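Taking it in order: structure first as structure tokens, then the write-up.
The values are calculated or read from the model by the stated rules, or taken from the named source; none is laboratory data. These numbers were taken from a predicted model, which means no experiment stands behind them. Here Cβ is always computed from backbone atoms with ideal geometry, including for glycine, and neighbour counts include all displayed protein chains.
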Amino acid sequence: MTITGDILLISLFAIILPSLLILFGTAIYSITIINRYKKIVSRLYRASFKGIDSERKRIASELHNQLAVHFININTDFDEIRKTIDKKQEDQFKKLELNLDLLKDDLHTTIENLYPKELVAFDWEKSLLKLSQQMTNSVTSVSFESFANNYPPQEKLPHVFWVVQEIITNAIKHAKAKRVIVSIMDENKNFIISIHYKSIISSTSWIHGTPNKRDDGMGLCIIKDRLKIVGATEKIDIQNSIVTHTISIRNENTAN
């Protein structure tokens, strides 16, 4: 009986072992495929944001060039018309010229906001300073201060720029902030961006987001996704209605 039992166990083991090996091999292969898939998705994800930024830059450039040509032609036509008008029409013509100048200024501002030239030059300090100036309005003052001497690689700037813009937008729109302070500094091989403001709204769901990312608004998704791409972290601290966003980026260019 003992010999027969041993033979039976050996037979069962001989049958089960290949199945276990196949199952184990399949699991290892599946994990490998999943990891490869994640890497592919990650590359595509990064490429999509890069494509968005490139398209934004292209549109701004095209608008600038095309509008410049049109306004040159309009000004030429105006010069010809000016020679033929009488004094009664002169006031109306001046008013028309003034409206055209205002339109040119508005379009120039729109194009500049679409993709600021400082961003094209990959200038961290000037880009964030210009952003602060652009976001200032009659209700909210946005100020900028820099204590940085070294900056992260330039390819990270567009992502950080749009993140800071989105945070300031949320502060103005949701927190009804009257003043926003943006500051940058580099320390301990990290590049730190801080955004401070006082919120008069008690709810914080628009600041932290939700556990389920699909329930977040587009703005919060943009913030989380772009920070993930550049390997940055964000810490949010709220004390007595004072909100502080601290974005930390590993800075390879910081001196020891």
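Taking the range 108-128 as the region of interest, how many residues are over 15 Å from the mean Cα position of the chain (by Cα), surrounded by 15 or more Cβ atoms within 10 Å (Cβ to Cβ) and at pLDDT 75 or above?
Residues that pass the stated criteria total 2.
Can you run down the residue pairs with Cβ atoms below 9 Å, 6 or more apart or on separate chains, where the first is in the range 74-89 and more than 16 Å from LEU100 (Cα to Cα) and the partner is assigned to a helix (DSSP H, G or I) and at pLDDT 80 or above?
As it stands, the answer is ILE85/GLN92; ILE85/PHE93, since those pairs meet every condition given.
In the range 164-193, what residues are closer than 11 Å to THR140 by Cα and of a type in the set (S, T, N, Q)?
THR169
Tell me, which residue of the range 129-147 that is assigned to a helix (DSSP H, G or I) and closer than 13 Å to TYR197 by Cβ is modelled with the lowest pLDDT?
The selected residue is MET135.
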